[in-house]
Amino acid sequence: MRKMRKFCGAVLALMLLSACGAGEEKAVSQEIYAMDTVMQVSAYGQQGGAAVKELETAIREMESELSRTDGKSPVARLNAQPETPVPMTEEVLDLLETAEGYSRLTGGAFDPTIASVADAWGFTEKMQQVPTAEALRESLEKVGIERVHVDRDAGTVWAEEGTKLDLGGIAKGWASDRAAEIYAAHEVPRGLVDLGGNVLAWGQRPDGAPWRVGVRDPQSEGIAGVLSIEDSFAITSGGYQRYFEQGGRRYHHIIDPSTGYPAESGLLSVTVVAPVEEGRGTLCDALSTALFVLGEERALDLWRQRQEEFQLILLTEDGRAVVTDGLAEAFALEEESGYAQEIVS
Ligand code: AMP
Ligand code: MG
């Protein structure tokens, strides 16, 4: 958590530097604690203040719908009694269907029913531990998006015995899509939305240059490189973001649904970048989690199929920064980071 705060600080520093060069134009900035992370939100323009306020309200609403730990949220109620249908808003029903689509697209590497396994590891608790083989086997049996049933007509969701939802792998991307809608509605000319490593770079900096967004180096406190982007989402997943240690080994929070263990795919982090378009924030978030599970080769296979939609930066355990060619200009590796850059096409 401390590390994450530092990173947000790094992004904020970049943002403020940009803002200082601006002259007259002023930004409204706000820090928001929600969805278990520190968020930094800024918006320029006449309606900037109203946009930030509306975004904060929207984020809190989304959190109160999706939270696993707030017992009153529809998701928490479903998880407590999966077989009893729970009413959910149309937006959440849409999100569940979208999540199902990404689960299928990634061959189950992204699976929002991973909750039972995440619970066996204690990832939502204060104390984490390596589960017994038996506990892991039992919890894995409950995983599978086909066990979740969305009833559009009734506006409800139910799930088969023991199956629970964890939308933590997609919620912030969903919120970043909402941020783009709100900024458009308020005619915000420019702004930066950092939802704990999920960034929306809206418009350009006041000086007309692209926004500069740091990509964390998972192996240090610093950054591996800088993305210069405008009107884009940039969303990162990595094992370094949340983990515990037991018996001298590190166990992180992104689970490979095919094993029930933290994914070991040879990747340190995956950053997915996409131009602002409806639903792309959610896409980037689902894919950043899934591609971290799938590893370099399968991530690049999927990119080759859908490269008109998104681009990738993969930091690998063997010290490479693999950058898809759509980001060749936008991504500048920090030389001191020590990664060897590879542009793939
Ligand atoms: P992110 O930071 O977007 O990669 O999301 C990580 C979070 O997603 C974890 O903290 C879990 O709540 C959840 N999660 C873990 N593994 C998976 C998975 N294989 N598919 C979907 N969600 C996952
Ligand atoms: Mg994600």
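The values are calculated or read from the model by the stated rules, or taken from the named source; none is laboratory data. Treat the numbers as computed from the prediction; the structure is a model and nothing was measured. Cβ atoms come from the backbone with ideal geometry, glycine included; neighbour counts cover every protein chain shown. These accessible areas exclude ligands, DNA and RNA; they are computed on the full protein's heavy atoms, side chains included. Shrake-Rupley method; radii C 1.70, N 1.55, O 1.52, S 1.80 Å.
Assorted remarks:
- Considered as a group, the residues in segment 126-155 that are more than 28 Å from T89 (Cβ to Cβ), in a loop (DSSP other than H, G, I, E, B) and open to solvent by 50 Å² or more (accessible area, probe 1.4 Å) include one that is farthest from ligand 1 (Cβ to nearest atom), and that residue is T132.
- Matching residues, segment 165-201, being open to solvent by 30 Å² or more (accessible area, probe 1.4 Å) and of a type in the set (A, V, I, L, M, F, W, C): W174, A184, A185
- Some residue of segment 275-293 being of a type in the set (A, V, I, L, M), within 24 Å of D194 (Cα to Cα) and more than 14 Å from ligand 1 (Cβ to nearest atom): yes
- Qualifying residue in segment 270-279 (condition: of a type outside the set (S, T, Y), surrounded by 23 or more Cβ atoms within 10 Å (Cβ to Cβ) and closer than 17 Å to Q219 by Cα): yes
- A224 falls short on exactly one of the conditions (1) hydrophobic (A, V, I, L, M, F, W, C); (2) in contact with a Ser or Thr (Cβ under 7 Å, 6 or more places away or on another chain); (3) within 16 Å of ligand 2 (Cβ to nearest atom), and that condition is (3).
- Every listed requirement among (1) open to solvent by less than 20 Å² (accessible area, probe 1.4 Å); (2) at pLDDT below 95; (3) aliphatic (A, V, I, L, M) is met by L93 save one, (2).
- Condition check for D301: modelled with pLDDT of 95 or more, more than 14 Å from ligand 1 (Cβ to nearest atom), open to solvent by 50 Å² or more (accessible area, probe 1.4 Å) and touching a Pro at 6+ places or on another chain (Cβ under 7 Å): no
- The condition of being within 16 Å of ligand 1 (Cβ to nearest atom) and open to solvent by 30 Å² or more (accessible area, probe 1.4 Å) holds for only one of R212, R242, that being R242.
- A search for C-beta distances below 6 Å between a residue of segment 192-203 that is within 15 Å of I32 (Cα to Cα) and among the aliphatic types (A, V, I, L, M) and any residue that is surrounded by fewer than 24 Cβ atoms within 10 Å (Cβ to Cβ) and modelled with pLDDT under 95, counting only pairs 6+ apart in sequence or on different chains, returns L192/M15.
- Criterion applied to R190, R249, R216 was being within 16 Å of ligand 2 (Cβ to nearest atom) and of a type in the set (K, R), and the one residue passing it is R216.
- Every condition in (1) surrounded by fewer than 21 Cβ atoms within 10 Å (Cβ to Cβ); (2) within 16 Å of ligand 1 (Cβ to nearest atom); (3) in a strand (DSSP E or B) holds for W158 except the one numbered (2).
- Qualifying residue in segment 68-79 (condition: touching a residue at least 60 places away in the same chain (Cβ under 8 Å), open to solvent by 20 Å² or more (accessible area, probe 1.4 Å) and in a loop (DSSP other than H, G, I, E, B)): yes
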